[in-house]
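> Dumping the structure here so I can ask a few things about it.
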Amino acid sequence: MPRTLPIGFLALFVAFAGFAQDVDVYRLPPPEIVALADAPLTPLAVLSPNGNSIALLDPAPLLTLGDLSQPELKLAGLRFNPSKHDQTRPTYFGNLRLLTVTGAKEQAVSGLPSGAHIRNLSWSPDGKSVAFTVAGEGGLELWTASMATRAAHRVGTVLVNNVYPSRPYQWMSDSATLAVRALPTTQRTPPAVSSVAAGPVIQENLGRTTPARTYPDLLKNPADAALFEYHLQSQPMLITLDGTATPVGSSAGITRFEPSPDGRFLLTETVHRPFAYTLPESRFPRRLEVWDRSGTMVRSVADLPLAESIPTDFSAASEGPRDAGWRDDKPATVYWVEAGDKGNPRVAAAVRDRLFALEAPFTATPTRLAELALRFADVVWGRDDLALVSEAWFKDRKTRTWRIDPSKPDSKAQLLVDRSFEDRYSDPGSPVVHPNRWGRAVLQIVDGGRSILLTGAGASAEGDRPFLDRLNLENGKKSRLWQSEAPNYEYVVDVLDAEGKQLLTRRESVNEPPNFYLRDLSRKSLTALTKFSHPSPQLSKASKELIRYKRADGLQLSGTLYLPPGYDPKSGPLPVLMWAYPQEFKTASAAAQVTDSPYRFIRISPMGPLPFLARGFAVLDDPSIPIIGEGKAEPNDTYVEQLVSGATAAVEELVRRGVGDRNRMAIGGHSYGAFMTANLLAHSNLFRAGIARSGAYNRTLTPFSFQAEERTFWEASETYMKMSPFTHAQKIKTPLLMIHGMEDNNTGTFPIQSDRLYAALKGLGATVRLVMLPYEAHGYRARESVLHMLWEMDTWLERYVKNAAPRP
């Protein structure tokens, strides 16, 4: 039966002739779609550092409206429950099971509260215990479970502060102590918020260039600032597994509390005033300091001011130390990066970034380890004489990886990788890491210290084929140790031995769900560790094919075509739902690459298009819609032309194959895919209907760049206007279903985007329906919302596509 909304929501759904008139209720799609939406997800597997055990977590089902309607504050870009100091809309897990890799013995953990919401799971460095948080009545509790006893217990009585969205605790290297961001234990009173304003809210800029994107949930007034400061207050603590809690320093707006590998020091980050009304908390002033275990500061790394002058270019960065952390291969050495170009990509500079390190006792001058011509991207530590440093530059999609010798800072770096990061076929993979004696992830060095291991997707013209390689650092030669083979898709989860011969893998095929395996390369054996069943057997015989076709200009495109179980080509072409998301490229060769595997399991997500296989639709999922701008050309200057050309090629290929009915095709997408949908309806006559979810349609409302567009509205106003379907609303004659979360917090996709396009189309006499989902953000989380969304989509597709009258 439909669920009835409270009276206050009666006006939230827009009536439309032909749809049910009881629009004040959440509706259910047909039973076959409900069953797919409620199908269980594949459990999450987390391997212990010693490789002996796996923690298995069952993903919880969809949330409910009750979950989403809990108290929520939206301050400085954060959303949280003020009464519990916890994130809202969290992804949590249900049952916790522990599995031994040898013998594949699995056992449920006892002692957990009934219906426990488990999050933030992490293994101890010695692999003997797991820690995690459980949502309790008073707030977020800290728990552990022992591998020896398979029993869980709460650690002490303190509550953790999870207002800031990062793991609120870290294991110390002794595997017996946790560094925790706890709620202050002294009684505190929230700042009073008056319903009467104390005065006007004033902002001022005296000639400085301070651009900002369209950030959501910003502070609005001094009362917001006081609430933000109050709720961010945490008391750093060291808590042993028996519950003994030792405060470290005083409470503050702690966002980071990370122990050094040897546990002697703590790297802390504290947000402080002055705050801003135009920027999220990530740009607020912050102090980065090294403390000892008593809470005494032993080194100030930086006291960074409000970061309001960072350019909107994608390779921009803040001035001063950033990207700080502990060297994983040293007992207590902190590192950080500083811009050599003031963080401005438009400034000519031979050195964009410098990497520094400082070893305990932190009294010496920092050592410069590397100078980079591009922007710092990552560092993976190995040993005294080996680390891998990566740099990247968005404008030309360049990425490079260097081998450096941290023990000899003046030695010449060795270039290992120099490629375009949009070129998937040339991706050599990522280095394999393993835990050292402190439980920190460092490079796995094999072959007598000469080589490292790499894992990657193995992208190719035939689809992804994940691999494991050995790279000799002395001569640069690679040897392939293993690669996934048809008809399965398998990838390395972790390497379990010192030389890369024993692997934990995740394996699946088109009709076989993912499971975890122990693969022994020496013995050439494969042992199943789990036996998860098919979550949606009713579609187990649906067909999947990676198809390739060409755009009018000869560019090779691809997409994944799904056909319903039992489809007989003799019965004629099917109605089609095409679901896409455009992507920008700097080269045609990269745009033509295949981005999927024909052997992956058909996982039916309720947020994707595949549920409509159960309704007799053919589905073309993720067809290539590349937007290319080679050389000095900008991709978006020909966005509309390339968009229509890519969609036309997909339509023509489905018609050529005889599976798609040209007169019964729908286009849809979420976010930037919704933007694409509205543009295709405005600039082509390819489709009978469109479905646009949580999109942005007027680019003048995102004037300081959007998606991969770096130019501002004032630098490329013609492009902004041409790309905005709002400015071409009079051309949209095809029925358009629009859905949007009323609490969308994605940058740029404010609900007003859908409100304004709906008002324009309504005023112009178009066939359009707008559905605003209460409580929902950019991605929809409540079961009631998701099922109603599917009902809306199904009803729209049945009326305007499957059973549409022939075109005149």
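The values are calculated or read from the model by the stated rules, or taken from the named source; none is laboratory data. Keep in mind that what you see is a predicted model, and the values were worked out from it rather than measured. FYI the Cβ positions are ideal-geometry reconstructions off the backbone, even for glycines, and counts take in every protein chain you see. In case anyone asks, the SASA skips ligands and DNA or RNA and just uses the protein heavy atoms, side chains included. Shrake-Rupley method; radii C 1.70, N 1.55, O 1.52, S 1.80 Å.
> Hey, quick one: spin label on GLN70, modelled 7 Å out along Cα-Cβ, who in the range 94-133 has an amide N within reach, i.e. under 12 Å?
It comes to 117-119, nothing else.
> At a probe radius of 1.4 Å, what is the per-residue accessible area of MET772, in Å² to the nearest 10?
In the full protein context, MET772 sits at about 20 Å².
> Amide H of SER173 versus every other amide H placed in the peptide plane: which residues, excluding those fewer than 5 positions away on the same chain, fall under 5 Å?
GLY263
> So who's got an amide H within less than 5 Å of the one on GLN583, skipping anything under 5 residues away but keeping other chains? H placed 1.01 Å off N, in plane.
Those lying under 5 Å, H to H, from GLN583 are ILE625, ILE627.
> Round to a whole angstrom and tell me the spacing of the C-alpha centers of the range 319-385 and the range 260-297.
With the range 319-385 and the range 260-297 each reduced to a Cα centre, they are spaced 18 Å.
> Place +1 on the Cβ of every Lys and Arg and -1 on the Cβ of every Asp and Glu in the range 624-694, take the dipole about the Cα centre, and give the residue among GLY660, LEU680, PRO626 whose Cα lies farthest towards its positive end.
So the residue we want is GLY660.
> Once the piece of chain linking GLU718 and LYS632 is laid out straight, how much longer is it, given 0.36 nm per residue of separation minus the C-alpha distance between them? Can you show the working numbers first?
Details: separation 86, 0.36 × 86 = 30.96 nm, distance 1.74 nm.
My answer for the length gained is 29.2 nm.
> With θ taken as phi - 60° and the coefficients 6.51, -1.76 and 1.60, list the Karplus ³J(HN,Hα) couplings across the range 480-491 in order, rounded to whole Hz; mark glycine and proline as x.
8, 8, 6, 8, 4, 10, 4, x, 10, 10, 9, 9
> Let me ask another. Given a Förster distance of 22 angstrom, what is the FRET efficiency for ASP384 paired with GLU474, based on the Cβ-Cβ distance and rounded to 0.05?
Plugging the Cβ-Cβ distance into 1/(1 + (r/R0)^6) gives 0.80.
> How far is it, in nm, from the label point at ALA364 to the one at ARG188 when both lie 7 Å from their Cα along the line to the Cβ?
Here the modelled spin labels are 3.9 nm apart.
> If you don't mind, another one. How would LYS478, LYS731, LYS570, LYS84 line up by accessible area, probe 1.4 Å, largest first?
Reading off the accessible areas and sorting them downward yields LYS570, LYS478, LYS731, LYS84.
> Okay, moving on. Where does the chain land at 222 nm, in deg cm²/dmol rounded to the nearest 500, when only DSSP H runs of n ≥ 4 count, each adding -39500 (n - 2.57), divided by all residues?
The helix-only estimate for the chain comes to -3500 deg cm²/dmol at 222 nm.
> Here's another thing I want to ask about it. If I take every Cα pair under 8 Å that is 6 or more residues apart in the chain, average their sequence separation and divide by the length, what percent do I get for the relative contact order?
Relative contact order, the chain: 9 percent.
> At 1.4 Å probe size, with no ligands or nucleic acids counted, give the accessible surface of PHE532 in Å², nearest ten.
It works out to around 40 Å².
> Next up: For every other residue with a beta carbon closer than 13 angstrom to the beta carbon of ALA76, add +1 if it is Lys or Arg and -1 if Asp or Glu, then tell me the sum.
Once positives and negatives cancel, what remains is +2.
> For the range 365-377, in order, what is each residue's ³J(HN,Hα) by Karplus, 6.51 cos²θ - 1.76 cosθ + 1.60 with θ = phi - 60°, in whole Hz (x at glycine and Pro)?
With coefficients 6.51, -1.76 and 1.60, one gets 6, x, 8, 7, 8, 7, 10, 10, 7, 10, 7, 4, 10 Hz.
> Can you tell me which lysines have their Cα less than 19 Å from the Cα of LYS398? Leave out same-chain residues fewer than eight positions away.
The reachable lysines, counting only those whose Cα sits under 19 Å from LYS398, are LYS586, LYS632.
> Tell me, in nm to one decimal, what length is gained between THR747 and ARG662 on full extension, where the rule is 0.36 nm per residue of separation less the Cα-Cα distance?
Result for the pair: 27.0 nm of gain on full extension.
> Please list 3J(HN,Hα) in residue order for the range 137-144, calculated via the Karplus relation 6.51 cos²θ - 1.76 cosθ + 1.60 where θ = phi - 60°; whole Hz, with x for glycine and proline.
Along the range 137-144, the couplings run 4, x, x, 8, 9, 9, 10, 9 Hz.
> How far apart, in nanometres, would the label points at ARG264 and ASP568 be if each is projected 7 angstrom from Cα along the Cα-to-Cβ direction?
Between ARG264 and ASP568, the label points sit 7.8 nm apart.
> Considering only protein heavy atoms, with the full assembly of protein chains and a 1.4 angstrom probe, order MET607, MET172 by accessible area, largest first.
On the way: MET607 50, MET172 5 Å².
The residues order as MET607, MET172, largest area first.
> Then there is this: So what is the relative contact order of the range 653-808, in percent, for Cα pairs below 8 Å that sit 6 or more residues apart? The partial results should precede the final answer.
On the way: 273 pairs, mean separation 35.9, N = 156.
The value is 23 percent.
> Also: Using the heavy atoms of the protein chains and a 1.4 angstrom probe, tell me the accessible area per residue for the chain in square angstrom.
On the way: 33130 Å² over 808 residues.
On a per-residue basis, 41 Å².
> Related question: Treating the beta-carbon of each Lys and Arg as +1 and of each Asp and Glu as -1, no other charges, what is the dipole magnitude of the chain about its Cα centre, to the nearest 20 debye?
940 debye
> What trypsin sites (Lys or Arg not before Pro) does the range 527-558 have in DSSP loop regions with at most 11 other beta carbons within 10 Å?
On the way: sites: LYS531, LYS541, LYS544, ARG548, LYS550, ARG551; in loops: LYS531, LYS541, ARG551.
Sites meeting the loop and neighbour criteria: LYS531.
> Here's something else I'd like to know. Considering only the other residues whose Cβ falls under 15 Å of the Cβ of LEU267, what net charge follows from Lys and Arg at +1 and Asp and Glu at -1? Could the numbers behind the result be given before it?
On the way: positive: ARG167, ARG181, ARG256, ARG264, ARG286, ARG287, ARG293, ARG299, ARG322, ARG327, LYS330, ARG440; negative: GLU258, ASP262, GLU269, GLU289, ASP292, ASP303, ASP323, ASP328, GLU359.
Result for the neighbourhood of LEU267: +3.
> Further question: Could you name the lysines whose alpha carbon sits less than 25 Å from that of LYS128, not counting residues in the same chain fewer than 8 places away?
In chain and number order, the partners are LYS105, LYS330, LYS501, LYS531.
> Ignoring any ligand, DNA or RNA, what whole percent of the accessible area of the chain comes from carbon and sulfur when the probe is 1.4 angstrom? Could you put the intermediate results ahead of the total?
Values: 16910 of 33130 Å².
Accessible surface attributable to carbon and sulfur in the chain totals 51 percent.
> Please calculate the 1.4 Å probe accessible area of GLU630, with all protein chains present, and give it to the nearest 10 Å².
Answer for GLU630: close to 100 Å² accessible.
> I would also like to ask the following. Taking H as built 1.01 Å from N, whose amide H comes closer than 5 Å to the amide H of ASP494, not counting residues under 5 places away?
LEU504
> May I ask you to list the lysines whose Cα is less than 20 Å away from that of LYS733, ignoring any residue fewer than eight positions away on the same chain?
Partners found: LYS722, LYS762, LYS802.
> Now, a different point. Taking the Cβ-Cβ separation of ASP410 and ALA348 as r and a Förster radius of 22 Å, what is the calculated FRET efficiency to the nearest 0.05?
Efficiency at R0 = 22 Å is approximately 0.30.
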